[in-house]
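Student: Right, I'll just put the structure down here and ask away after.
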């Protein structure tokens, strides 16, 4: 289970990094993907699981390849 927790934490950190690099708030990113900013916060803190659809929405909103979210 430790590796999976690390994956979620690292993914969340990378998401936060890319979001901030684009000068987006959690609220704005959530609006872009028709989601809730609390969910974005939970992802960034490594507390939420995401679906493949959410991965695609996030990568499209950030204008990056989905694999870049796993480049950590």
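Student: Provide a single number: the residues in region 56-72 that are buried (at least 16 other Cβ atoms within 10 Å of the Cβ) and in contact with a helix residue (DSSP H, G or I) (Cβ under 7 Å, 6 or more places away or on another chain).
Tutor: Start the filter on region 56-72 by keeping residues that are buried (at least 16 other Cβ atoms within 10 Å of the Cβ), which leaves 57-59, 61-62, 64, 69.
So of that shortlist, the ones also in contact with a helix residue (DSSP H, G or I) (Cβ under 7 Å, 6 or more places away or on another chain) come out as 58-59, 61-62, 64, 69.
The number of residues fulfilling the criteria is 6.
Student: Another question, if that's okay. Go through region 21-55 residue by residue and tally those that are surrounded by 15 or more Cβ atoms within 10 Å (Cβ to Cβ), in contact (Cβ under 8 Å) with a residue 40 or more places away in the chain and more than 23 Å from residue 4 (Cβ to Cβ).
Tutor: Of the residues in that region, 0 qualify.
Student: Can you pull out the residues in region 36-52 that are within 18 Å of residue 67 (Cβ to Cβ), touching a helix residue (DSSP H, G or I) at 6+ places or on another chain (Cβ under 7 Å) and not in a loop (DSSP other than H, G, I, E, B)?
Tutor: Taking region 36-52 first, the residues within 18 Å of residue 67 (Cβ to Cβ) are 43, 50-52.
If we keep only those that are touching a helix residue (DSSP H, G or I) at 6+ places or on another chain (Cβ under 7 Å) too, we end up with 43, 50.
Correct list: 43 only.
Student: For region 5-35, which residues satisfy the criterion of being modelled with pLDDT under 95 and more than 18 Å from residue 71 (Cβ to Cβ)?
Tutor: The one that is modelled with pLDDT under 95 and more than 18 Å from residue 71 (Cβ to Cβ): 5.
The values are calculated or read from the model by the stated rules, or taken from the named source; none is laboratory data. Values in this document were obtained by computation on a predicted structure and should not be read as measured data. Neighbour counts run over all protein chains shown; Cβ positions are idealised from the backbone, glycine included.
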